[in-house]
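Take a look at the structure below.
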Amino acid sequence: MKDPKKANDPNCCPGCGVPFQQEDPETPGFIPPTVVIGKDTICRRCFRLVHYRQATKAALSDELVLGMIRKEMEQSDGAIQFVDAFQPSPNPLLDNLLEEWGKPTLKVINKYDMISGWFRSGGGSRRLAEILGISKDSALTMNALDHASVKKVTSWIGRRFPCGSRIMLVGPVNSGKTTFLRSACSEAHLASRSPMPGTTLGPVIVSSSMLGMTLVDIPGFRSEDPWIPILCPDCLVDLQPGKKPNRLTTSLKAGDLLLFGGLVSVEVLECFRMDRVGIAAFSPEKLAPHRTRAEREGELLERHAGGLLAVPCPGCRKTLRELPWSRTEIRLVKGQDLVLPGCGWITVWQGEALFSVHAPDFFRPSTRSALIGGDDVHEC
């Protein structure tokens, strides 16, 4: 049995989990040489985040995250796997790793309240489970800021593990791991959280006196959000869906186009059997899709970049212009989603059409069975 009173490594920042260092002020973990490390000491990056809301990016690969998980598996008794309800995506590599591990794992679909209102006929948790390839009974929906939701998860932990157990928290960036940690453990008040994805950089280990257990917050996977290596912190924050994501229900004809800021455009190339296709577009608040004609795309990007098309900012727009772009053609029928990673998705609720996605080369659109379909989409 593990010692539940074992604290985080005193040589690591309790905010982001990286080792303290005094050599490079611009690198995570830096503390000035004059600072005496105490139990409440955090690195300069976390201090600026907490006190000045200054978020800074730091490189961390999914391979390094997997290495942290494998190492933690040697000590942990179970895991909570987080999923972002607005951007649900299976992670076969992590799923297989946890299955081979064989210890109890709970899937938590966080931020469910963002989209639950769109399921007017119910069945939201069932649809999310189908997309994730799991049974409905093997996952809980929650909001990590809601006491009742957090209580459901901590109750699951209490029923399955004895006092002194060690549980790791895993999943993609910004899926609510650190928010849950802070909600479940008063001792985690120093753990840094931010709307910018990728705040946690190393394992943050917190012993909960209430649970009598240790929770280990592992940094999130970044590959599910292709914009993290490219955009500045402010633009990455603007891409987070918040409490009220956008939804636009309309019909499009050939030559119509939806602009998702200056990041992605989706054009209807051809409609089949009907002259229009009915769609619903879902996106973060600051990435509201703007409808126009394909021939006006360049003009609107030049005139409204950074204004009406708030994301990306002028600096990130310049960066994107220097990258190679390409067009991907995808044919969709009624009941399918066009998934735009980090930007939302488009659901076809009527008709069939050939779409063209114009985006940087690294961007990989995909399709899936509609998350929100039928009358729910039509009534949005």
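The values are calculated or read from the model by the stated rules, or taken from the named source; none is laboratory data. All figures in this text were calculated on a predicted structure; none of them were measured in a lab. Heads up, the Cβs are rebuilt from the backbone with ideal geometry, glycines too, and the neighbour counts pull from every protein chain shown.
How about the stretch 253-266: which of its residues are outside any loop (DSSP other than H, G, I, E, B) and surrounded by fewer than 22 Cβ atoms within 10 Å (Cβ to Cβ)? Spell out the reasoning first.
Step one: list which residues in the stretch 253-266 are outside any loop (DSSP other than H, G, I, E, B), which gives 256-260, 264-266.
Residue satisfying the conditions is ASP256 alone.
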Q.
Looking only at the stretch 22-43, count every residue that is loosely packed, with under 12 Cβ neighbours inside 10 Å and touching a residue at least 40 places away in the same chain (Cβ under 8 Å) and tell me the total.
A. 1
Q.
Quick test for you: out of SER149, SER76, SER138, pick the one residue that is closer than 24 Å to SER183 by Cβ, at pLDDT below 90 and out of contact with any helix residue (DSSP H, G or I) (no Cβ under 7 Å at 6 or more places or on another chain).
A. SER138
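Condition check ((1) at pLDDT 95 or above; (2) assigned by TED's automatic domain parsing to the domain that holds GLN81) across all residues:
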residue: ILE157; (1), (2): no, yes
residue: ARG166; (1), (2): yes, yes
residue: LEU169; (1), (2): yes, yes
residue: CYS185; (1), (2): no, yes
residue: LEU190; (1), (2): no, yes
residue: SER194; (1), (2): no, yes
residue: SER209; (1), (2): no, yes
residue: TRP227; (1), (2): yes, no
Q: Select the strands (runs of 3 or more DSSP E) contained entirely in the stretch 144-251, then report the ones holding at least 2 residues which are in contact with a Cys (Cβ under 9 Å, 6 or more places away or on another chain).
A: 204-208, 213-217
Q | Residue match in the stretch 195-218 (condition: under 13 Å from the mean Cα position of the chain (by Cα), surrounded by fewer than 19 Cβ atoms within 10 Å (Cβ to Cβ) and not small (Gly, Ala, Ser)) | A | yes
Q: Name, by its number, the condition in (1) surrounded by fewer than 21 Cβ atoms within 10 Å (Cβ to Cβ); (2) under 21 Å from GLY78 (Cβ atoms) that does not hold for PRO229.
A: (2)
Q: Could you check GLY278 against (1) in a loop (DSSP other than H, G, I, E, B); (2) more than 20 Å from the chain's Cα centre (by Cα) and say which number it fails?
A: (1)
(Q) Filter the stretch 24-67 down to the residues that are farther than 15 Å from GLY198 by Cβ, assigned by TED's automatic domain parsing to the domain that holds ASP95 and aliphatic (A, V, I, L, M) and list them by number. (A) LEU66
Q: Select from the stretch 343-366 the residues that are surrounded by 17 or more Cβ atoms within 10 Å (Cβ to Cβ), within 19 Å of the chain's Cα centre (by Cα) and either at positive phi or not aromatic (Phe, Trp, Tyr) (or both) and list them in ascending order.
A: CYS343, GLY344, ILE346, PRO365
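Hey, among VAL357, VAL348, VAL311, which residue is aliphatic (A, V, I, L, M), in contact (Cβ under 8 Å) with a residue 60 or more places away in the chain and out of contact with any strand residue (DSSP E or B) (no Cβ under 6 Å at 6 or more places or on another chain)? Spell out how you get there, then give the answer.
Numbers: VAL357 fails: out of contact with any strand residue (DSSP E or B) (no Cβ under 6 Å at 6 or more places or on another chain); VAL348 fails: out of contact with any strand residue (DSSP E or B) (no Cβ under 6 Å at 6 or more places or on another chain).
It is VAL311.
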Q: Go through the stretch 44-79 and give me each residue that's touching a Leu at 6+ places or on another chain (Cβ under 8 Å) and surrounded by fewer than 13 Cβ atoms within 10 Å (Cβ to Cβ).
A: ARG70
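When you scan the stretch 271-279, do you find a residue that is in contact (Cβ under 8 Å) with a residue 24 or more places away in the chain, outside the structural domain of ARG127 (by TED's automatic domain parsing), buried (at least 19 other Cβ atoms within 10 Å of the Cβ) and not aromatic (Phe, Trp, Tyr), even just one? If you could, list the steps in order and put the result at the bottom.
Start the filter on the stretch 271-279 by keeping residues that are in contact (Cβ under 8 Å) with a residue 24 or more places away in the chain, which leaves 271-274, 276-279.
Checking the rest, the ones that are also outside the structural domain of ARG127 (by TED's automatic domain parsing) come to 271-274, 276-279.
Now restrict to residues that are buried (at least 19 other Cβ atoms within 10 Å of the Cβ): 277, 279.
With the extra rule that they be not aromatic (Phe, Trp, Tyr), the set shrinks to 277, 279.
Yes, the stretch 271-279 contains at least one residue that is in contact (Cβ under 8 Å) with a residue 24 or more places away in the chain, outside the structural domain of ARG127 (by TED's automatic domain parsing), buried (at least 19 other Cβ atoms within 10 Å of the Cβ) and not aromatic (Phe, Trp, Tyr).
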